[in-house]
Amino acid sequence: MKYDVDSNGYYGQFGGAFIPEMLYPNIEELREQYLKIIEKESFKAEFDDLLKQYVGRPTPLYFAKRLSEKYKAKIYLKREDLCHTGAHKVNNTIGQILLAKALNKQKIIAETGAGQHGVATATVCALMGMECIVYMGEVDMARQRPNVERMRLLGAEVVPAKSGSRTLKDATNEAMRHWISNPTDTHYIIGSVVGPHPYPDMVARFQSVISAEIRTQLSSLEGRALPDKIIACVGGGSNAAGAFYHYLNDERVELIAVEAAGKGNESGKSAATTVLGKPGVLHGSKTLLMQTEDGQVVEPYSISAGLDYPGIGPIHAHLFDVGRVKFESATDQEAMEAGVELSRLEGIIPAIESAHALAALSKLELKADEIIVINLSGRGDKDLETYIKWGKY
Ligand SMILES: *Cc1c(COP(=O)(O)O)cnc(C)c1O
């Protein structure tokens, strides 16, 4: 695969493993073991079985008739919103908990911002009877009470990060600190295609089940495996990486990533990394990053907690750099309108993250009868408060 990670963990100029020396043993163990483990037949069989019986895969590839009529194209929705826990994130946490077991780890740690990845992690820890600690910024804990309680109900310990801005970045630091002190019995589950190598590649492989299914499903529905366009939203980029993965070398398929433009890319309140970012190092890898002249990370903003991240995974920085993936961005308002539109036209309330992907429909030039697949990364139940506050429906 020509867009694949190289043996040093790079996608073109992006990627690598920029970590404190204290973390070398942890990362080195993962780097040496991950492919050996996840390519074993017994691992694949257990992973596939859990995805089927526990997560509910394959998720449908649903032909959205009324949405198609409106945009005059053939639009299919890949229904990741129907996964257990309500989003694609569980595909990755299932994979990583099996990997942790294979590495003989007894404890799991994770960091979480809005709480979605924390919930997906607490879920698989309960499933496997493993101890789970989730680090979360104190400010985020107050903002995301229902997810904190979900994690607790699932048996996880949620530890507040009380330093700095008391948000995701500080939670990540605390999780790293914990991991450094407990390298032998603990595995750290990262929630997107970010972090030091081998995390981005590992997470992309676990999420690639999405595009593997799209190929099979589209073949039987349309008699061809290749759609004309695939659209996905990008926070760190794991649902997009999963939806694009098995199409990267099929250059005829146009791949479109949608970032969050917040209140507009010139407003100072945006999270559109490819528009506003420059190369830099974030969370252990070289990537595109929103930063000041002297390299301080700029606080991103989006109405959607899952897209509110100042970087993107190195695979996406590379795909942007070489032009394989086209990047668009959608504002809060465009996403909210697209979310209401899908609710009304199809009876599906999307996560606000996923609504950003839907918002691209009105920005793209679509040809009649073009086949478009939109990755519906999650369901909107968690976002009801935000829909209510926005109010225009
Ligand atoms: C977390 C989340 C995202 C953003 O994460 P990616 O790694 O970019 O996929 C998108 N959609 C939903 C529903 C999420 O929960």
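Odds and ends about this structure:
- With only Cα atoms counted, the range 151-265 has Rg and Dmax values of 18.4, 55 Å.
- Nearest-20 debye value, the chain charge dipole, Cβ charges on Lys, Arg, Asp, Glu: 700
- Placed amide H near GLY155: partners under 5 Å, 5+ positions off or other chain: none
- Kirkwood Rh and Cα Rg combined as Rg over Rh, evaluated for the range 1-61: 1.10
- The shape of the chain can be summarised by an equivalent ellipsoid whose semi-axes, obtained from the alpha carbon gyration tensor, come to 30, 23, 21 Å from longest to shortest.
- Diagonalising the gyration tensor over the Cα atoms of the range 200-259 and scaling each eigenvalue by 5 before taking the square root yields semi-axes of 19, 13, 9 Å, largest first.
- Among 152-159, 177-184, 218-225, the order from most to least packed when residues are scored by Cβ within 10 Å on average: 152-159, 177-184, 218-225
- Partners for LYS65 among lysines (Cα-Cα distance below 19 Å; same-chain residues under 8 apart left out): LYS74, LYS78, LYS229, LYS367
- In terms of its Cα atoms, the range 280-346 spans 44, 27, 19 Å along the principal axes, sorted from long to short.
- Look at MET1, MET128, MET336 and count the other Cβ atoms within 10 Å of each Cβ; fewest to most, that gives MET1, MET128, MET336.
- Anisotropy class of the range 1-158 from Cα gyration tensor, a/c 1.5 cut: oblate
- Cα-derived Rg to Rh of the range 270-393, Kirkwood definition: 1.00
- When you restrict to C-alpha pairs under 8 Å that are six or more residues apart and normalise by the size of the chain, the relative contact order lands at 20 percent.
- Using bins of 10 Å that start at zero, the share of Cα-Cα pairs per bin across the range 146-199 amounts to 20, 47, 32, 1, in whole %.
- SER343/LYS107 FRET efficiency (R0 30 Å; Cβ-Cβ; nearest 0.05): 0.15
- On a per residue basis, the convex hull of the C-alpha atoms belonging to the range 233-315 measures out at 100 Å³.
- Taking label points 7 Å from Cα along the Cα-to-Cβ direction, GLU299 and ASN8 give a separation of 3.7 nm.
- Nearby aspartates and glutamates by direct alpha-carbon distance to LYS326 (threshold 19 angstrom, same-chain neighbours under 8 apart not counted): ASP4, ASP228, ASP250, GLU251, GLU254, GLU259, GLU334, GLU353, GLU365, GLU370
- Distance violations [Cα-Cα > 25 Å] among LYS36/LYS89; LYS2/LYS363; LYS269/LYS389: LYS2/LYS363
Read-outs throughout are calculated quantities, based only on the coordinates presented, and are distinct from any laboratory measurement. Not measured: the values here are computed from a predicted model. Cβ coordinates were reconstructed from backbone atoms using ideal geometry, including for glycine residues, and neighbour counts include every protein chain displayed.
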